[in-house]
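As structure tokens, the structure follows; a few thoughts come after it.
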Amino acid sequence: MGEGISDYTKFCVDLRRQMWMAGVETELRRLIWQIAVTGKYIFAKIHESNRKLAGFKNIFGEEQLALDKSSDQILKNQLQFSGFVREYASEEQDTVVRIGSGTEKYFVTADPLDGSSLVDTNLAIGTIIGIHNGSMMGVGKQTMVAALYITYGPLITMVYSAGKGAHEFVLNREGEYVLSQENIRLKDRGDIYSVGGLRKDWTPEHLRFVEFLEEQGYKLRYSGGFVPDINQILIKNGGIFTYPALKKSPAGKLRLLFELQPMAFLIEQAGGIATDGKTDILDIPVEDIGQRSPIYIGSRFEVEKAKAFLRAS
Ligand code: F6P
């Protein structure tokens, strides 16, 4: 060890260094860094819930806020004092919150703790972030400049893109995000599929598409957590995730602004596609922060196949 830097750190590329080397603009770099660090605070909150699992309900005699609400508060506070964010929209808030002075460049969307109901099952959960310039409403292709997600699983990992590829980092035992995969690339065709909604609620076209995947020998991999399910496709370099239109809810379940746009941005940066079945996710105008959309996202072959099956309706 020398000058306070551990051997471990000396030979690793940390998040700040990678973003600097990749030429990410300074303010955006700082913002992404700030959000990644906030993931550690959110994880600390998740970790506290182990007291609850151990039977110590309300250990300090105070009402514990739901984890997704407290994650939202943590994130909002951190962004408020970053100096880079004008507006914040979160799945936990009914309206867009103005947190800056009105001159800042960035607009941030957050699903602070997606899949929080999985905490007591000890499955992975995550934070999903979209970063927009100028406005967060409208078409993602024009407004989005970056996206990231953090997974809280056996390891804490973070995948970000600032429009120059998608890169994965892992939080090491010294609390630093170190590069684990630069420029993640999806194969044109994968071998896993992840599909939401009940079979009895699927449309006939969607059912035929899933039957096609099954006949082709794709393996089912669905955890019920959007972040680990997308992470699996990225890290295994291929496959498809879909949460389709359902007979009773044609817009599906997942939210365009908080969940779908950021993941579409990341998957496209890794060479994949994200569509609602017809239109690219990043071409669908966001008119309402709660807007939902069906999604087919992942490797090109599977997503194009899904589009063909849906067209045949
Ligand atoms: O939007 C919340 C969420 O838990 C996602 O993380 C996940 O993909 C989806 O809902 C799971 O939905 P379902 O319980 O219908 O499978």
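Count of the stretch 207-238 residues, restricted to those that are more than 13 Å from the ligand (Cβ to nearest atom) and in a helix (DSSP H, G or I), is 11. Suppose we filter the stretch 166-206 for residues that are assigned to a loop (DSSP other than H, G, I, E, B) and under 30 Å from F309 (Cα atoms); how many remain? Looking only at that region, the number is 13. Filter the stretch 255-269 down to the residues that are touching a residue at least 24 places away in the same chain (Cβ under 8 Å) and closer than 10 Å to I297 by Cβ and list them by number. Hits for the stretch 255-269 are L260, M263, A264, L266, I267. Being exposed (fewer than 15 other Cβ atoms within 10 Å of the Cβ) and charged (D, E, K, R) is a description that applies to E211.
Could you list all residues from the stretch 121-165 that are within 16 Å of the ligand (Cβ to nearest atom), outside any loop (DSSP other than H, G, I, E, B) and over 30 Å from G102 (Cα atoms)? Within the stretch 121-165, T121, I125, T151, Y152 qualify. Taken over the stretch 239-286, the residue count meeting the criterion of being away from the ligand (no atom under 16 Å from the Cβ) and either at pLDDT below 95 or among the hydroxyl-bearing types (S, T, Y) (or both) is 2.
The values are calculated or read from the model by the stated rules, or taken from the named source; none is laboratory data. Only a predicted model underlies this, so the values are computations on that prediction, with no experimental measurement involved. All Cβ positions, glycine included, derive from the backbone under ideal geometry; neighbour counts span all protein chains shown.
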